[in-house]
Every structure is written in structure tokens, then in C-alpha cells.
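The structure appears below as C-alpha cells.
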Amino acid sequence: MGSDAYLAAVRSRRSYYELEARSTIPDAKIQEIVKETLRHTPSTFNSQSTRVVLLLGAEHTQLWNDIVKPAVKAVMPAEGWPATEAKLTGFQQSYGTVLLYEDPKVVSALQVQYALFADKFPQWSEHTNAMHAHVLWTALEQEGLGASLQHYNPLIDEGICKQWKIPEDWQLKAQLVFGKPTGQPLEKTFMPIEERLKVFGAK
Ligand SMILES: Cc1cc2nc3c(=O)[nH]c(=O)nc-3n(C[C@H](O)[C@H](O)[C@H](O)COP(=O)(O)O)c2cc1C
């Protein structure tokens, strides 16, 4: 595959919010995509600090209905709840959720091992996690799925931890919600590229 094919995949990754509780691929293929992402996405010093919890079927529904909804409802003004509830119901009625975590034990060990970079490792752990999110998001969409990246952490961390017995120190960074798209992504605008790129020395 040349860069054109790769960048076509990058270009076609978008945020899809209208999703249904169906998949274009079997669950085994979704799991394979997650495993390949974990194996081959780069991490700081190859530390492999990213952890993933994949929720499908009833477990996915439970996340949005029994954990996210009550957690969000508890902290928001009552008048805003109906619109938020509708949005959360949309996520609930999609196919699955990938919970993206970082393991802070890995970060602490790196800080001890490479004291010179101690203050950088927390930031690099965030970068590592985001790279996983992008690889996964793009790969799922190459299979005809749609996804959006959500951030209901830390409100939902404790509920998830109890429900699925996730190690208490894992830090939840993002939730990638996916399913078969039933609508199109929102229109996207682009800044002039010259405002974002400087090139020196090109032949
Ligand atoms: C680091 C990061 C955090 C994001 N957080 C959210 C979020 O919490 N909720 C959401 O709906 N979209 C979120 N997004 C999606 C962006 O709004 C979206 O990627 C951007 O508007 C470009 O649109 P596109 O994804 O369709 O290309 C996030 C994206 C990134 C890269």
C-alpha cells in the first residue's frame, strides 16, 4: 500500500453520530482490529501503556444506560437533561464501545528508569493513547462502521471499574462508540494549510 491508500483511509475517518446497533463485520473481526491496534500502534519507549476494554451487546447497552446516564444526570441541571439523555440514548443504541485506558504503573516505572524525562512521560502516555484511538477509529471505519470519540470520564470511571472489575488504577481516557452509520458526518471546514505548515529546504 502506498501513502495514497493509507491517506485515503485517514481522510475517510470522520465522526459519525447517527449509528445503529448493528455491525458490518463479525465480533471476531472487531476483536482482531483491537488486537492489531494494540500490537502495532507505537508507544513511548515501546512501553505499551494503553489498555482497552471492548464492550459489545448487552454490556455496551449497560454502559450507556446504567452507568453513563445516571452519572451524567447527577451532575447536570435538570432542564438540560432531556437533550443530553437523547444524545446518550443514541450512543446506547449503537453497536459497541471501546474504552481506552492508560496504565499509570507503566508511566511511573518509566519515570524511575529514565529520570531525565520524568516530567514528560505523563504527556507521552496521553499521546500514546490518542494514537491508539486514531488507529482504531480509522480501521473500524475502513470496515464500513462509523464511530465517534467521547469523554465521559472521570464521571463514569468508578461505575465501570465496579461493573467489569477493571484494575482501579487504570485511567480511562476516552470512549470510542461505534456502529453501522445511519447518517452522514457533519460538514467539516479546513483552515488554510499555509497557516499550519512551514516547509524549509524542499527541492
Ligand atoms: C482528542 C479529541 C477529543 C475529542 N473529543 C470529543 C468528544 O468528547 N465528543 C465528541 O463528540 N467528539 C469529540 N472529538 C471529535 C472531534 O470533534 C472531531 O474529530 C472533529 O470535529 C473533526 O471532525 P471529524 O472527526 O468528523 O473529522 C474529539 C476529537 C479528538 C481528536
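The values are calculated or read from the model by the stated rules, or taken from the named source; none is laboratory data. From a predicted model like this one, the values you see are computed outputs, not experimental measurements. We place every Cβ from the backbone using ideal geometry, glycine too, and count neighbours over all the protein chains shown. Areas reflect the complete protein model, heavy atoms only, side chains present, ligands, DNA and RNA absent. Shrake-Rupley method; radii C 1.70, N 1.55, O 1.52, S 1.80 Å.
Residues of the range 159-203 falling in the label zone of Val10, defined by backbone nitrogen less than 16 Å from a point 7 Å along Cα to beta-carbon, are 191, 193-194, 196-199. When the chain is treated as a Gaussian network with alpha carbon springs shorter than 10 Å, the biggest mean-square fluctuation among Arg22, Arg39, Arg51 belongs to Arg39. Put +1 on the Cβ of every Lys and Arg and -1 on every Asp and Glu Cβ in the chain; which of Ser12, Ser108, Pro26 then has its Cα farthest towards the positive end of the dipole? Result: Ser12, furthest along the dipole toward the positive end. Extending 7 Å from the Cα toward the beta-carbon at both Gln142 and Lys203 defines two label points whose distance is 3.1 nm. Pairs exceeding 27 Å between alpha-carbon atoms, taken from Lys29/Lys188; Lys29/Lys69; Lys173/Lys198; Lys105/Lys180; Lys69/Lys165; Lys105/Lys198: Lys29/Lys188; Lys29/Lys69; Lys173/Lys198; Lys105/Lys180; Lys105/Lys198. Calculated from the alpha-carbon coordinates, the range 1-99 shows an Rg and a Dmax of 17.0, 52 Å respectively. Mean-square fluctuations from a GNM of the chain, with a 10 angstrom spring cutoff on Cα atoms, peak among Leu149, Leu110, Leu186 at Leu186.
Counting only protein heavy atoms and a probe of 1.4 Å, the accessible surface of the chain is 56% carbon and sulfur. Solvent-free Debye calculation, one equal scatterer per alpha-carbon of the chain: log10 I(q)/I(0) at 0.12, 0.13, 0.15 Å⁻¹ equals -0.70, -0.82, -1.04.
Per residue, the accessible area of the range 101-186 comes to 51 Å², computed with a 1.4 Å probe over protein heavy atoms only.
Between Gln163 and Lys87, the modelled labels are 1.9 nm apart [label points 7 Å from Cα along Cα→Cβ].
Highest-first packing order for the peptide set 8-14, 192-198, 58-64, 173-179 is 173-179, 58-64, 8-14, 192-198, based on the mean count of other beta carbon atoms within 10 Å. From the alpha carbon centroid of the range 98-163 to that of the range 39-55 is 8 Å. Working note: 222 nm ellipticity from helices only, DSSP H runs with n ≥ 4, each -39,500 (n - 2.57), summed and divided by the residues of the chain, gives -13000 deg cm²/dmol to the nearest 500.
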